[in-house]
Amino acid sequence: MKACGIIAEYNPFHNGHAYLLKAARAQSGADALVVVMSGNYVQRGEPAIVDKWHRARTALQHGADLVIELPFIVAGQPADRFAAGALQLLEALGCETLAFGVEKAANDFQTLLAKISSDLVLPQFEVDYTKTYATQWNDFIEAQIGHRIEQPNQLLALSYALANRELKSPLKMLPIERIGVAHDAVQSSDQFASASTIRRLLLSNQLDQAQRFVPYGLNELGQRWMSWSDFWPYLHYFLNVSSPDCLSSIYQMSEGLEYRFWEQNLQSTSFDDFLKRVKSKRYTYSRLRRLALYTLLQTTATEMKLDSAALQPVRVLGFSSIGQAYLHDVRKTIAPQLITRVTAELGKRDGVLGTQVRVDRLIEQVTGVEQNFHQRVLMMT
């Protein structure tokens, strides 16, 4: 069987995602669609609006054949590391193609990639402390390829292409042009809206307006919507009782940010207020949200280390009958250890799964919904 891989957050799953799954199946000619989906925390540095089980179920109900959890040590990383970890998983799962949504599918990513040195060392340009890492990255890419890429999905696709180039068995890149509205667009069409717009509608309890943008009943999700407002009291308390020296052990806490976090927290009244107080030209809001998340979850550099061994075992969240057949077909030939159930023993181990169980406990505390030990793999017929 042939598989097409998709990297997703589905935060939440909407009509545009359903369209991409349908287009990926048609254009790739794959037998199975394998989705590597972020767990309970997403790349922009916040909790997903609904938990990983509800999001995996809606994906399986609307076109996905196999949903694999993208663990926190990948899902919570900056874009280049996010792409690298996700691509490593898709390669290990035997996928031949990577399908992804972009603003302009006509862009030839292989041609763009050829203009970027193969011995590129990413931090080599990070020298201007008046600019964010993202701005410097964009400037550097512009110098390499001769023009600027402004659209966020195009930039993420380039990160995919760079990560794909490093694999032993690179996947075929299959860009699929987005329809409806742009990434993070405020406006919407009759059927399509960006995930950020849908989140705003859900968090403001405008369910009737949000309903037209998703292919399922919102009441099927059956739980509260999560946001940083649910977690701010925990972060605020932790910063209140911590010292800057204590904060310095947090992953990516550098350049004196531990002092800035500690000091600005004292007067902050909400998470948004806190972000505005710590913001500077040097750091993007996404970087600061991720750092706040690392602080809240007390994650260290050792836990967040990325390599192929660190990503095992691989957690299967759910599959259709086609996905189950694909797993049966490739299970003896693919490298990673696959698990469909997390036991208490597995959850106590160091490594990717132990970290996932630990960070998911906060989701369980807020929602009251078990995320690991008593959850069984989703099976769709």
| Residues of segment 257-289 being basic (Lys, Arg), outside any loop (DSSP other than H, G, I, E, B) and either open to solvent by less than 20 Å² (accessible area, probe 1.4 Å) or modelled with pLDDT under 95 (or both), which ones? | 287
| field | Odd one out for residue 220 among (1) surrounded by 15 or more Cβ atoms within 10 Å (Cβ to Cβ); (2) on the phi < 0 side of the Ramachandran plot | value | (1)
| message | Need the failing condition index for residue 303 against (1) farther than 20 Å from residue 359 by Cα; (2) open to solvent by 40 Å² or more (accessible area, probe 1.4 Å), just the number. | response | (1)
| Residue check, residue 68 against (1) modelled with pLDDT of 75 or more; (2) assigned to a helix (DSSP H, G or I), all met but one. Which one? | (2)
| task | Show the residue pairs that are 6+ apart or on different chains and have beta-carbon atoms under 8 Å apart, the first residue being within segment 237-256 and in a helix (DSSP H, G or I), the second being of a type in the set (S, T, N, Q). | result | 238/295; 238/298; 239/265; 239/295; 240/265; 247/295
| task | Keeping to segment 48-59, report how many residues are in contact with a strand residue (DSSP E or B) (Cβ under 6 Å, 6 or more places away or on another chain) and either under 14 Å from residue 202 (Cβ atoms) or crowded, with 23+ Cβ neighbours inside 10 Å (or both). | result | 3
| task | Restrict the check to segment 349-366 and report whether at least one residue is among the polar types (S, T, N, Q), part of a helix (DSSP H, G or I), within 22 Å of residue 47 (Cβ to Cβ) and open to solvent by 30 Å² or more (accessible area, probe 1.4 Å). | result | yes
| remark: In segment 310-342, anything assigned to a loop (DSSP other than H, G, I, E, B) and either more than 22 Å from the chain's Cα centre (by Cα) or not basic (Lys, Arg) (or both) is listed as 312, 313, 331, 332, 333, 334, 335, 336, 337, 340, 342
| If you scan segment 198-219, which residues turn out to be in contact with a His (Cβ under 8 Å, 6 or more places away or on another chain) and in a helix (DSSP H, G or I)? | 198
| With (1) under 30 Å from residue 284 (Cβ atoms); (2) outside any loop (DSSP other than H, G, I, E, B); (3) in contact (Cβ under 8 Å) with a residue 40 or more places away in the chain; (4) open to solvent by less than 10 Å² (accessible area, probe 1.4 Å) as the list, and residue 35 as the residue in question, which single condition is left unmet? | (3)
| message | Just to verify a result, which residue in segment 1-48, among those that are small (Gly, Ala, Ser) and in contact with a Lys or Arg (Cβ under 6 Å, 6 or more places away or on another chain), is farthest from residue 77 (Cα to Cα)? | response | 30
| task | Report, ordered by the first and then the second residue, all pairs with beta carbons closer than 6 Å, sequence separation of six or more or different chains, a first member in segment 46-63 that is part of a helix (DSSP H, G or I), and a second member that is surrounded by fewer than 23 Cβ atoms within 10 Å (Cβ to Cβ) and of a type in the set (Ser, Thr, Tyr). | result | 58/216; 60/320
| In segment 312-321, the residues that are open to solvent by 10 Å² or more (accessible area, probe 1.4 Å) and hydrophobic (A, V, I, L, M, F, W, C) | 319
| query | How many of the residues making up segment 322-334 are open to solvent by less than 40 Å² (accessible area, probe 1.4 Å) and not β-branched (Val, Ile, Thr)? | reply | 3
| Residue check, residue 205 against (1) in contact with a Ser or Thr (Cβ under 9 Å, 6 or more places away or on another chain); (2) modelled with pLDDT under 95, all met but one. Which one? | (1)
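The values are calculated or read from the model by the stated rules, or taken from the named source; none is laboratory data. A quick note: this is a predicted structure, and the numbers were derived from the prediction, not measured. As a convention, Cβ positions derive from the backbone with ideal geometry for all residues, glycine included, and neighbour counts pool all protein chains shown. SASA here: full protein model, heavy atoms, side chains in, ligands and nucleic acids out. Shrake-Rupley method; radii C 1.70, N 1.55, O 1.52, S 1.80 Å.
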